[in-house]
Structures are given as C-alpha cells and as structure tokens.
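See below for the structure under consideration.
Please treat every number below as a calculation from the coordinates, not as lab data. The shown structure was predicted, so the numbers you read here are calculated from the model rather than taken from an experiment. Positions of Cβ are generated from backbone atoms using ideal geometry, with glycine treated the same way; all protein chains shown enter the neighbour counts.
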Amino acid sequence: MGVTTAAATARLLADAGIERVFGLPGGEILVLMDELRRAGVDFVLMRHESNAGIAAAVHGKLRGQPGVVLTTLGPGAANLMLPLSSSYLDQEPLLAISAQIPDDFPASHTHQLLPLVDAYRPVSKYVEKITARNVGEVVPRALAACMSRPFGAAYLTLSAREALKPADADRGATAAAVDGEARPMRQGNARQRARELVGLLEKAKRPLVLIGLGIDPANAKALRQWLDDWDLPVAVTPKVKGIVDETAENFVGVVGGMAADGLMCDALEAADLLIGFGLDPVEIDSTWHAELPIHWILEGSNVGGIGPAGTQLVDHAQILDALLGDRPPATWRAPFREFQQKRRELLNDRSGASGTMWPGDIVQALAAALPPETIVTTDVGSHKYLFGQFWPSRQPQTFWMSNGLSGMAYGLSAALGARLARPDVPVLAAVGDGGFSMNCQELETAERVGAPFVTVVLEDCSYSLIKLSQEGKHLAPYRVDFGPIDTVKMAEACGVDGLRTTNPDELAAATKRAVDRRRSLVIGIPVSYADYRRLF
Ligand SMILES: Cc1ncc(C[n+]2csc(CCOP(=O)(O)OP(=O)(O)O)c2C)c(N)n1
C-alpha cells in the first residue's frame with residue numbers, strides 16, 4: 001500500500017539527514033508533524049515562528065544541510081517573512097514548510113487565505129505547493145536549492161487535505177538533476193587567475209585581502225596557509241569571522257560597518273591592492289565596494305545573483321592550490337601596523353567612560369573566559385558593532401550575526417539553533433536589552449530541549465544604535481529610550497539562572513562556571529549608550 005503525501009514528505013526529509021524540524025503547530029500541520037515523529041525527525045517546539053526559522057537556519061548551516069521550519073497556514077506562515085528574508089540575504093540554508101488552504105476549497109473561503117507562494121517567491125530560491133503528484137520531486141528540489149551557492153531559502157506549502165492523499169510513488173527528482181543544481185558555476189582558469197594575482201601582488205606595497213560570505217569554510221585551511229605563508233594582511237566581513245585567526249599578526253580588522261568603521265575605511269583607502277576573496281557586498285552598509293578598485297576572486301554569484309560586472313568565477317580550492325605552489329612575489333612588513341595598533345587602543349581607551357561597564361571590558365572578559373571553539377551569536381544594535389569588530393574569533397563558523405538583513409531578534413534564536421547543532425561546544429549570545437525583549441521567551445525552549453547557553457544582555461534602556469544615529473543626524477532625542485524590564489527576573493521566569501554585574505571578573509567567573517556546569521545563564525550588564533559613541 002502507498003504512503004500519504006505527509007508520510008512521503010517526512011520520509012524524504014529523514015532520508016536527507018534532517019533530524020530536527022523547528023516550528024509552532026496549528027491544526028493543519030498535525031498530520032505532517034505526526035509523520036515526522038514516525039520518521040524519527042524531532043519537532044523542536046518554539047514560541048514564535050520567526051524564532052523557529054532563525055534557529056533552524058543556523059542549525060542547518062552548522063550541520064551542512066538545510067534547516068527546516070514548519071508552521072501552520074495564515075498567521076503562522078506570515079511570521080516566516082523575517083527568517084526567509086534573513087536566510088536569503090545572510091546565506092543561511094532554510095527550508096520553510098507551511099500549511100495552506102486546499103486548492104479545492106470553495107472560492108468564497110477566504111478565512112486565513114494568503115498569497116503565500118507569491119509573497120515569498122522574491123526571497124526564496126524555490127517555491128512550490130507540495131501535492132500528492134509532485135512530492136517526490138519538489139521536496140528534494142527544495143532541499144537542493146537551499147544548499148546551492150549562494151545558500152538561501154526555499155518555501156513549500158502542504159494543505160491538510162493534500163497531506164492525506166496517497167503520494168504518487170513513481171515521480172521523483174532524478175539524483176543527477178538535483179546534484180547538478182547544487183554545484184556552483186566555475187568558469188575561470190584557476191592557474192591563470194593565480195598568475196594574474198601574483199603579478200599584481202609583485203607590484204603592491206600595501207595589499208589587503210578582504211574575505212567575505214562567498215568563501216566556503218572547507219577552504220579555510222588552505223586560505224589561512226596562503227595568507228600566513230605569504231604574510232598577507234587580511235580583513236574579513238562579520239559573517240565569516242573566524243575563517244582566519246583574528247589573534248594572528250596579519251589580521252587587520254573587520255570591514256562592513258562594525259565598530260571602528262572609519263578606521264577600517266581609512267585602511268581600505270590606504271591599500272594599493274584590494275583582493276575580494278568571496279567578498280559579498282550584502283554585508284556592507286556603505287558603497288566603498290563599488291567605488292574602490294577591488295580585484296574580485298569569486299567562485300559563485302553573490303546574494304541575489306548579483307556580481308561585479310565582467311568577473312569570471314573561479315574555483316577557490318584550485319586557485320589557492322595554485323597560489324600555495326608559488327613563492328610570495330614580494331615581502332610586506334606589516335603595512336597596516338598603525339591601523340592594527342589604533343584598533344587595539346580603541347578597545348582599551350577607558351578615559352571618560354561613564355561608570356557602567358566599559359564595553360571593551362565586556363568583550364575582553366568573555367574572550368578570556370571562553371575557549372576558542374565557543375560559538376558566539378549577536379543580535380542587532382550597538383552591541384553587534386562591538387562584538388563584530390572586537391570579538392577575537394579564532395575558528396571558522398564560530399560567529400553568527402544577521403548582517404545582510406540585520407534583523408533584530410536573531411541572536412538568541414541563533415544561539416539555540418547553534419547549541420542544538422553543536423551540543424559539545426559552549427555558546428554565547430550577546431544581545432541588547434531591546435532585542436532581548438523581542439524573544440527572551442525562547443530561554444524556556446532552550447531549557448526544555450536541553451540546549452544551554454550563556455546570554456549577556458547589554459542593558460542601556462534604549463535602542464542605542466538608533467539613538468546614536470539620531471544624534472548623528474542632529475535630531476532631538478525622541479522615542480528611542482524605554483523603561484527597564486528586569487533581565488534577571490525574565491530569565492528566572494523562564495526557568496534560567498540570572499545575575500547582574502558591572503564587574504568584569506565576576507562576568508568572566510560566572511560565564512566560565514555556567515559553561516563548565518553546562519547550564520544556561522543570563523547576565524545583565526548595565527552599559528551606557530554614550531560609551532559606544534567612543535568606539536564607532
Ligand atoms: C526587526 C528590526 N527592527 C528594527 C531594526 C532597527 N534597529 C537596528 S538596531 C536597533 C536597536 C537595537 O536595540 P538593542 O537591542 O537594545 O541593542 P543596542 O543598540 O542598544 O545595543 C534597531 C531598533 C532592526 N534592525 N530590526
């Protein structure tokens with residue numbers, strides 16, 4: 001006897017190695033949820049669909065597969081716009097599945113009816129209705145679309161009626177067709193491009209390699225070896241922090257709108273050769289990527305299929321291999337030393353600090369307390385600029401922020417997804433008090449599903465990044481401050497330990513203790529928005 005369409009969907013996901021689906025139920029997806037349970041796929045029950053989508057996407061990317069989020073129709077599905085957009089712009093593979101009104105309902109039935117497939121098409125690489133006839137084809141196609149470079153989102157609907165119909169067993173995507181889609185386009189000759197690059201480097205006095213979202217972490221080892229062997233100065237965008245060791249001598253800083261951005265832009269101006277290795281402008285909130293003469297080394301198109309005109313794609317592994325077979329064509333004596341020095345000084349310049357904890361001390365105390373494999377997530381706001389520039393990432397895929405979309409309420413959900421994907425690695429979420437109040441209820445989820453992590457909440461009772469922007473535009477202070485919500489009590493209300501401190505030693509000790517005991521902990525840290533002004 002054949003299986004239902006819901007059972008076929010669940011089986012296809014299980015066979016693709018999906019062990020967990022994140023979501024929030026409605027009556028219309030109960031059958032699929034049950035089939036997932038039968039197929040051995042866990043359902044991580046969350047408290048908002050948007051959080052479920054973010055957690056799923058980070059979980060998926062860390063596991064090298066699409067994250068999967070499942071929601072009901074109408075309101076549950078409508079809550080997917082943020083994670084789908086985030087997945088699209090931040091290159092995080094996410095398959096979203098929601099229920100939908102059955103096609104054969106009367107045309108007058110408009111309750112919870114939304115044009116979801118049309119709404120999500122612009123931010124998805126693949127959208128389709130699952131039917132009994134096409135299930136064997138569309139589920140593998142959707143999974144493959146998420147994982148083809150640039151990574152992104154796919155969106156599928158399955159109505160409760162269709163879910164119960166017997167699936168057409170004969171129709172499935174051929175493996176070759178799906179594999180083919182997952183492969184990036186590579187046109188250029190790697191040896192020739194390597195020779196060109198060597199020629200440019202031969203003449204350069206101040207070369208700077210800029211690494212971005214288009215680099216595959218699988219190439220991190222060769223990339224590091226090339227940069228180290230040749231002593232090349234390197235900067236990264238925030239979403240690839242850790243692809244190189246940021247405590248190494250050749251590390252210049254983080255470009256793409258973080259703290260010390262003026263200094264970083266000066267460094268870019270001072271360079272006489274900029275090599276954009278996988279650099280994707282989606283992370284850059286100004287226009288230097290289009291104005292400076294960057295030598296692009298890309299192996300896939302950038303987000304949205306947009307790439308610099310005339311750039312031939314080239315396989316990164318092959319070009320790195322060719323470069324490593326060569327000797328450095330010149331020597332450079334730390335040409336960005338003054339910028340590196342100033343960057344370090346900024347973090348330690350406490351003069352005139354406001355009396356709350358100096359933001360630089362927060363980063364340094366946590367970095368000293370946590371091992372290099374720690375996964376750090378941030379939310380969006382001033383604290384993101386702080387951690388994005390100054391957290392000393394040392395290993396690939398250990399730093400997660402929303403920087404293409406830059407959507408608040410990312411950090412805590414990302415930490416949950418990361419901890420489930422890497423249960424043996426400590427996870428730290430650094431969030432603002434504004435962002436924390438958007439999704440702190442997921443602390444209960446984290447406790448329930450056994451995903452402990454440490455959350456630091458930088459408390460300044462304001463949307464401080466926006467407050468600074470208001471100041472920068474010489475506008476009167478207006479509606480950017482809010483009253484306190486007690487972080488510690490919020491944590492305790494969710495069943496998680498909480499404490500508040502302004503002491504860096506206490507911050508470090510409490511963090512270490514929580515990690516050693518594998519317990520969740522929320523630490524409220526009073527900060528002053530004015531201190532951020534000194535770092536940006
Ligand atoms: C969903 C969403 N809404 C609004 C914004 C605009 N925004 C960017 S940063 C920010 C302030 C965040 O405040 P908080 O979480 O307290 O962090 P802080 O800036 O104080 O560090 C706002 C409102 C956004 N990026 N995302």
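Here are the numbers for this structure:
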item: Ordering of 133-144, 245-256 by burial proxy (mean other Cβ atoms within 10 Å per residue, highest first); result: 133-144, 245-256
item: Whole-Hz ³J(HN,Hα) from phi, Karplus 6.51 cos²θ - 1.76 cosθ + 1.60, for the range 501-515, glycine and proline x; result: 8, 10, 10, x, 5, 5, 4, 5, 5, 5, 5, 4, 4, 4, 5
item: Pairwise label distance in nanometres, A222 with E338, each label 7 Å out on the Cα-Cβ vector; result: 3.7 nm
item: Å³ per residue enclosed by the Cα convex hull of the range 181-305; result: 115 Å³
item: Neighbour-limited loop hits for trypsin sites (Lys or Arg not before Pro), the range 324-424 (at most 13 other Cβ within 10 Å; DSSP other than H, G, I, E, B); result: R333, R350
item: Size of electric dipole in the range 1-103: Cβ of Lys, Arg +1 and of Asp, Glu -1, about Cα centre, debye, nearest 20; result: 220 debye
item: Positive dipole terminus of the chain, leading residue within A160, L475, P106 (C-beta point charges); result: A160
item: Backbone HN-Hα couplings from phi across the range 49-57 [Karplus 6.51/-1.76/1.60, Hz, Gly and Pro as x]; result: 5, 4, 5, 4, x, 5, 4, 4, 5
item: Global geometry of the range 24-102, whether rounded, prolate or oblate, following the gyration tensor of its Cα atoms and the 1.5 cut on a/c; result: oblate
item: Cα shape, the range 355-422, gyration tensor, a/c 1.5 rule; result: oblate
item: Karplus-derived 3J(HN,Hα), 6.51/-1.76/1.60, for each residue of the range 344-349, Hz, glycine and proline x; result: 5, 4, 3, 5, 9, 7
item: Long-range amide H partners of T4 with built H, under 5 Å; result: A167
item: Per-pair calculated FRET efficiency, R0 = 51 Å: A530 and K129 via Cβ, rounded to 0.05; result: 0.45
item: Highest to lowest packing among 468-481, 305-318, 510-523, 205-218, scored as the average C-beta count within 10 Å; result: 205-218, 510-523, 305-318, 468-481
item: Within the range 188-202, backbone nitrogen closer than 14 Å to the virtual label 7 Å beyond the Cα of Q312 toward Cβ; result: 188-197
item: Prolate/oblate/rounded label for the range 389-499 (Cα gyration tensor, a/c 1.5); result: oblate
item: Diffusion constant of the chain at 25 °C, which comes from Stokes-Einstein with the Kirkwood Cα-pair radius and 0.890 mPa s, µm²/s; result: 101 µm²/s
item: Members of K61/K241; K221/K342; K342/K473; K61/K125; K125/K384; K239/K473 lying beyond 19 Å, as alpha-carbon distances in this model show; result: K221/K342; K342/K473; K125/K384; K239/K473
